[in-house]
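Student: The structure that follows is given in the form of structure tokens.
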Amino acid sequence: MNHWSTHQLTEFFAAVCARPDEAAATSVAVERATEVLEAEVGAVLRDGRVDVAWGISADKLSGLSENPVLDLPGIGELHVASARFGGGTLLVGRADEALGPEERQLLQAMAQVLGLALDNLTLLTAERRQAAERLALLDSLREARHDSLTGLPTRVLFLEKLREAGTASVLFIDLDRFKAVNDSLGHRAGDDLLGLVAARIRSCIDDGDVPARIGGDEFAVLLRTSRGDEAVAVARRLIDAVRRPFRVAGRDVFIGASIGIATGAGSSADDLLGNADVAMYRAKKDGPGKVVVFEPHMHAQALARLNLDGDLQRALELGQFRLQYQPLIRLGSGTTYGVEALIRWHKPRHGYALTPGSVAPHGAVPVDVAAPVDFVSPADFVPMAEETGLIIDIGRWVLNTAGDQAARWRTAMPDLRLNVNVSGRQLTDPLFVADVERMLARTGLPAEAVTCELTESVLMNDPAVAIACLGELRSLGVGVSIDDFGTGYSSLSYLRRLPVDELKIDRAFIGEAVPSREDLAVVRAVVELGRTLKLRTVIEGVETEEQRRAMRRLGCDLGQGYHLCRPADPERIPGLLFEPIAA
């Protein structure tokens, strides 16, 4: 072979160092050494084992040593030369003749260059790892302080700014109907909407104020003022801005916001943000688009809510829910048309209240059936169940329990109808229609005997989703009723498109013992609308004889209320069904 040169070693070094890791560098070193020295095989040994082989598989070189002659099956006798480097031994085997002195010198130089290159790669790999770790740390710190989706400060940075601010006010903002957008249009659309909301918030505040995304669909704003009236004015401006339509996924999307406010000097940053959060929950309870300023007594209410939430998580498992039924009465004849299932929560003050003949669930503490219980209003626990998602399981229990009960009653009263309330979360649950279908199959109830009641606001949160779900119910033959009609914001165009069978007129329109002319005019208009659209009409809240007579004269089909019949336990219902109300 030709005499070796510094140029050969330089090329060898460059080829080895160009590889991204030690394994690749070692492989190319063995390959180049084998080619340059015109050998048949090459290898690198580490700790007595073949680490890399060239010209032959590594398993055929098992037991390879640094002996000057090696006999390999299929190849024959090879003259072996080796040279040590820091991490092992570089060796080559040639068939025709042993390596000469200059060739051995070149092999030794290659081994030293390989050792140097591997040392450099080890250092470089460590530096790269450290640099990647530093970048990851910087990214995590940046992400912890700035929201990647909206570019706004996160809770961490917001609290830092709040601690530095001294006297300040905090607005805690929660978006209304955001989940409906996420569920119907997808998370990508939800993310786009959050970015647009962040821009609206920025446009409503001064340069010195600090907006932040706290998490999910919750935002906060630090205002450089402790005056409540100024904070309320900004909150109103924000609500008006968020109420305007957003262009998302090629369509106009309408959402809202509820805002809690906390003001005052002397409070810690965490307390101020927490107080605003408490006030926001109070605002959401009051209804969408509300602003509430924190007051100290709200803390006790928040603690009670927290305790109630914990009890609610266990209430279904512990059998604490009951159903009562309120008849729907034909105003023309005074006879019973059907019943509405109404959920009740009897929460024991201590332990688990057993009903006669029932057994306490495993782990529950049984107490006597006569033990004191607290009646929790549905107005308090149903919204909470909506928030936590428990309403899906609770609603399924109501559907099945009421279906079983109605099937038993229909043996004596075959024309009896059943109305069951359905929440917004149930409406968007992909399993809801299947739940209804299974209940009908199991109980033998005809589909036309069951009506699902949904409030007007639930239907209008996302009309497209509502129309699709209600269409599936209609395909089963199940009826649909709009509850509290007249209190929401449905339009006649949507009402015509919704597969609806019944309108339940809200009790607010006959709130007086003797209905006013204005109230009667509204009810008359709804009744005439129902006739035009061939919908059954029900008036809620009939509390006096004057109201009953007035609603009958207006032509309302059905009535419901304490004057006609109060909600009753299931064992009392059969006697009530056959007692006509005065027509």
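Student: Return one whole number: the accessible area per residue of the chain in Å², for a 1.4 Å probe. Mind showing how you got there, number by number?
Tutor: Values: 28390 Å² over 583 residues.
Heavy-atom accessible area per residue stands at 49 Å².
Student: Still on this structure: Starting from 0.36 nm per residue, how many nanometres of slack lie between Leu123 and Lys285 once their C-alpha separation is accounted for? Could you put the intermediate results ahead of the total?
Tutor: Values: separation 162, 0.36 × 162 = 58.32 nm, distance 6.10 nm.
The span from Leu123 to Lys285 would gain 52.2 nm if fully extended.
Student: Still on this structure: Across the stretch 420-427, in residue order, what do the Karplus-derived ³J(HN,Hα) couplings come to in whole Hz, using 6.51 cos²θ - 1.76 cosθ + 1.60 with θ = phi - 60° and x for Gly and Pro?
Tutor: Couplings: 10, 6, 10, 8, x, 5, 5, 4 Hz.
Student: Could you sort His146, His7, His79 by accessible area so the largest value comes first, with the probe set to 1.4 Å? Write out the running numbers ahead of the final one.
Tutor: Working: His146 80, His7 115, His79 50 Å².
Heavy-atom accessible area, descending, gives His7, His146, His79.
Student: At a Förster radius of 60 Å, what calculated FRET efficiency corresponds to the Cβ-Cβ distance of Arg442 and Arg46, to the nearest 0.05?
Tutor: Values: r = 70 Å, r/R0 = 1.17.
Working from the Cβ atoms, E equals 0.30.
Student: Name the residues whose placed amide hydrogens come within less than 5 Å of the amide hydrogen of His346, ignoring near sequence neighbours (fewer than 5 apart) on the same chain.
Tutor: Here Arg322 satisfy the definition.
Student: Taking R0 as 30 Å, what FRET efficiency do you get between Arg524 and Gln301 from their Cβ-Cβ distance, rounded to the nearest 0.05? Spell out each step's value before the answer.
Tutor: Working: r = 41 Å, r/R0 = 1.37.
After rounding, the FRET efficiency stands at 0.15.
Student: Looking at the square roots a ≥ b ≥ c of the eigenvalues of the Cα gyration tensor of the chain, which shape do they give, rounded for a/c under 1.5, prolate if a/b is larger than b/c, or oblate? Let's see the in-between values first.
Tutor: Details: a/c = 3.25, a/b = 2.33, b/c = 1.40.
Since a/c reaches 1.5 and a/b is larger than b/c, the shape of the chain is classed as prolate.
Student: 7 Å from Cα along Cα→Cβ at both Ala95 and Glu38: what's the point-to-point distance in nm?
Tutor: 1.4
Student: Moving on to the next point. Just for the chain, what percent of DSSP beta bridges are antiparallel, to the closest 5?
Tutor: About 70 percent, rounded to the nearest 5.
Student: Can you work out the FRET efficiency for the pair Val373 and Asp415, with r the C-beta to C-beta distance and R0 = 41 Å, to the nearest 0.05?
Tutor: Working: r = 36 Å, r/R0 = 0.87.
The computed FRET efficiency comes out at 0.70.
Student: What list of ³J(HN,Hα) couplings, whole Hz, do you get for the stretch 180-188 from phi and the Karplus terms 6.51, -1.76, 1.60, once you set θ to phi - 60° and write x for glycine and proline?
Tutor: 4, 5, 4, 5, 8, 9, x, 5, 4
Student: Also, quick follow-up: If you stretched the chain out fully between Arg314 and Glu31, how much longer would it get, using 0.36 nm times the residue separation minus the C-alpha to C-alpha distance?
Tutor: Details: separation 283, 0.36 × 283 = 101.88 nm, distance 6.96 nm.
Result for the pair: 94.9 nm of gain on full extension.
Student: As a test of reading the structure, rank Trp397, Trp345 by solvent-accessible area (1.4 Å probe, protein chains only), most first. Walk me through the numbers on the way to the answer.
Tutor: Numbers: Trp397 75, Trp345 0 Å².
Sorted by accessible area, descending: Trp397, Trp345.
Student: With every protein chain left in place, what is the accessible area of Arg224 in Å² (1.4 Å probe, nearest 10)?
Tutor: 120
Student: Taking a 1.4 Å probe, which of Tyr281, Tyr337, Tyr562 shows the most accessible area, and what order do the others take after it?
Tutor: Details: Tyr281 85, Tyr337 30, Tyr562 115 Å².
Sorted by accessible area, descending: Tyr562, Tyr281, Tyr337.
Student: What part of the accessible area of the chain, given as a whole %, is carbon or sulfur when the probe is 1.4 angstrom?
Tutor: Carbon plus sulfur share of accessible area: 52 percent.
Student: Please report the antiparallel percentage of the DSSP beta bridges confined to the stretch 370-487, to the nearest 5. Provide the component values of the computation, followed by the final result.
Tutor: Details: 0 of 9 bridges.
Here the antiparallel bridges make up roughly 0 percent for the stretch 370-487.
The values are calculated or read from the model by the stated rules, or taken from the named source; none is laboratory data. Since the model is a prediction, treat every value here as computed from it, not as a measurement. All Cβ positions, even for glycine, are placed from backbone atoms using ideal geometry, and neighbour counts span all protein chains on display. Note: accessible area is taken over every heavy atom of the protein model, side chains too, but ligands, DNA and RNA are not part of it. Shrake-Rupley method; radii C 1.70, N 1.55, O 1.52, S 1.80 Å.
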